[in-house]
Amino acid sequence: MNLARVIGTVVSTRKDPQMGGLKFLLVQPVNPEGQAQGNPVVAVDAVGAGPGEMILYATGSSARQTILTKDRPCDAVIMAIVDNWEVGGQIKYKKGVND
Amino acid sequence: MNLARVIGTVVSTRKDPQMGGLKFLLVQPVNPEGQAQGNPVVAVDAVGAGPGEMILYATGSSARQTILTKDRPCDAVIMAIVDNWEVGGQIKYKKGVND
Amino acid sequence: MNLARVIGTVVSTRKDPQMGGLKFLLVQPVNPEGQAQGNPVVAVDAVGAGPGEMILYATGSSARQTILTKDRPCDAVIMAIVDNWEVGGQIKYKKGVND
Amino acid sequence: MNLARVIGTVVSTRKDPQMGGLKFLLVQPVNPEGQAQGNPVVAVDAVGAGPGEMILYATGSSARQTILTKDRPCDAVIMAIVDNWEVGGQIKYKKGVND
Amino acid sequence: MNLARVIGTVVSTRKDPQMGGLKFLLVQPVNPEGQAQGNPVVAVDAVGAGPGEMILYATGSSARQTILTKDRPCDAVIMAIVDNWEVGGQIKYKKGVND
């Protein structure tokens, strides 16, 4: 999984029928310091994530292991909203503080 | 999934029988600003995408979860045509406006 | 899938029994201009590709969706020989002309 | 699999139900010299790894082949704690010595 | 698949039970000239490869298609030992000569 921040939304009306009802969010991967790193990806939201939130997303076939995404042509899913993380015992991100 | 623009077409007559009847499109991944980023890939079109359109494509085993691509040696599929996307509340792309 | 040119052959006699009878080709990915880009990979040939030919190859589990490669430890397969491709309406490669 | 060092922990209370009870660790990939290389990833711990330990993690669908992670939206799992490794007959890392 | 040279061994006693009895080798990917390129990975040995040998390894779910690795949390497997390879009709590596 990767740490990322929700930075936007993608809207599509003409899509594969199995993608109906799913919400596409743009997420920007971040490094352990919370800084943007690498290219943004589009992930299906399975946990009700909102703009600006730090999340975890899973890719590949693992992105189809949520009830929402099962058997759908989805290769990235937000499966957790992050409360906090620490590196070497030091809190690097805490929800509500480092947003 | 990744945001990308359809930039071309690939034609093949000698191919795996399971790939018969599928349309191969060249797609150029773009960043949230809509600028080309990374290498183009060849994706099967599952939604009737046309040249110049912004799309979403899925990769890996997820690319085989459309009716068209099921059980075929296909590792990238266009599964949505993008209407618009926003970053931080600002529209970055709108179909018909930023084409 | 990726566009690539067949540049060589790999020979192995001591291999997993399930790889018996398969032909390993070295393929060099190319960009839409037909120029080498990225690292060569070794792909199993499922379509009778020859040296110098432009091909499409699929990776991951999708590489096991041909009759030849089913259930085998193969993560890249040549599943199409390319006749031509165009970008923005302009032919960039045509078999027999740009070889 | 990749060699990596456990550098931190990620906490999430709002997550996909299937991720309940799993521990997310931040791991930093290392090269054969034991130096950080590439971006950290978040992996589920299947072997009781602790901070600072050198581990092996597996990605993709293979990350779902442990009892803990089966059928869950998990794309990276720590499946081994490393005792030591050698390159060209020379020990490059030994647990308890190079920590 | 990728061409790589076996450069070392990784030892782990505390690991997922399904990884018991498997041998972890460090392999360094090489380019068609036989030179190191990219980061080393840890692969399970399914063919009895030895130090210094040139091999092919497969990744992802394809790494679980050997008898040894089936259903195990293994994402890279050595599935062939290379005798030789040629590029453009010229032998670039021959076992016993270019070791």
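The values are calculated or read from the model by the stated rules, or taken from the named source; none is laboratory data. This structure is a prediction, so every number in the text was calculated from the model and none was measured. FYI the Cβ positions are ideal-geometry reconstructions off the backbone, even for glycines, and counts take in every protein chain you see. Accessible surface areas use protein heavy atoms only, side chains included; no ligands, DNA or RNA. Shrake-Rupley method; radii C 1.70, N 1.55, O 1.52, S 1.80 Å.
A few comments on the model shown:
- Cβ-derived FRET efficiency at R0 30 Å, E:D83 paired with D:K94, nearest 0.05: 0.30
- Listed residues E:P17, E:P40, E:P51, most fluctuating in chain E (Gaussian network, C-alpha, under 10 Å): E:P17
- The Kirkwood hydrodynamic radius of the range E:2-94, based on inverse pair distances between different Cα atoms, is 13.6 Å.
- Within the protein assembly as shown: Cβ-based charge dipole about Cα centre, in debye rounded to nearest 20 (Lys, Arg +1; Asp, Glu -1): 640 debye
- DSSP-loop GluC sites (Glu not before Pro) across the range B:14-99, with at most 15 other Cβ within 10 angstrom: B:E33
- Long-range amide H partners of D:L3 with built H, under 5 Å: D:V30, E:V42
- Inter-copy separations for B:T13, label at 7 Å along Cα-Cβ, nm, ascending: 4.0, 4.0, 6.5, 6.5
- Using the Karplus relation 6.51 cos²θ - 1.76 cosθ + 1.60 with θ = phi - 60°, the per-residue 3J(HN,Hα) values for the range D:55-70 come to 9, 10, 10, 10, 10, x, 5, 5, 6, 9, 9, 9, 4, 5, 9, 3 Hz, with x marking Gly and Pro.
- Which of C:A46, A:M1, E:Q90, positive extreme of dipole for the protein assembly as shown (C-beta unit charges): C:A46
- Taking the Cα centre of the range B:14-78 as origin and assigning +1 to Lys and Arg Cβ atoms and -1 to Asp and Glu Cβ atoms, the resulting dipole is close to 280 debye.
- Descending semi-axes in whole angstrom, ellipsoid equivalent of the range C:37-77, from the Cα gyration tensor: 18, 13, 7
- Average accessible area per residue (Å²) across chain E - probe 1.4 Å, nucleic acids and ligands excluded: 38 Å²
- Residues considered: C:T69, C:T59, C:T13. Largest GNM mean-square fluctuation over chain C, using C-alpha springs under 10 Å, is found at C:T13.
- Accessible-area composition of chain B, carbon plus sulfur, in percent [1.4 Å probe]: 50 percent
- Per residue, the convex hull around the alpha carbon atoms of the protein assembly as shown comes to 130 Å³.
- Sparse-neighbour loop sites [trypsin sites (Lys or Arg not before Pro); chain A; at most 15 other C-beta within 10 Å; DSSP]: A:K23, A:K70
- Set of aspartates and glutamates with alpha-carbon distance to E:K23 below 18 Å, sequence-local pairs under 8 removed: C:D16, D:D83, D:E86, E:D45, E:E53, E:D71, E:D75
- Given A:K95/D:K15; E:K15/E:K70; A:K70/E:K70; B:K70/C:K95, the pairs whose alpha carbons are separated by over 20 Å: A:K70/E:K70; B:K70/C:K95
- Between copies, the label points of C:G89, set 7 Å from Cα on the Cα→Cβ line, lie 4.1, 4.1, 6.7, 6.7 nm apart, reported in increasing order to one decimal in nanometres.
- Summarised as an ellipsoid, the range B:3-54 has semi-axes of 23, 11, 8 Å, derived from the eigenvalues of the Cα gyration tensor scaled by 5 and square-rooted, with the largest first.
- Whole-number percent relative contact order across the range C:2-94, with pairs defined as alpha carbons under 8 Å at least 6 apart: 28 percent
- Area hidden from solvent between A and B (accessible, protein heavy atoms only, 1.4 Å, total, Å²): 2200 Å²
- FRET efficiency for B:K70 and E:K23, using Cβ-Cβ distance with R0 set to 45 Å, rounded to 0.05: 0.75
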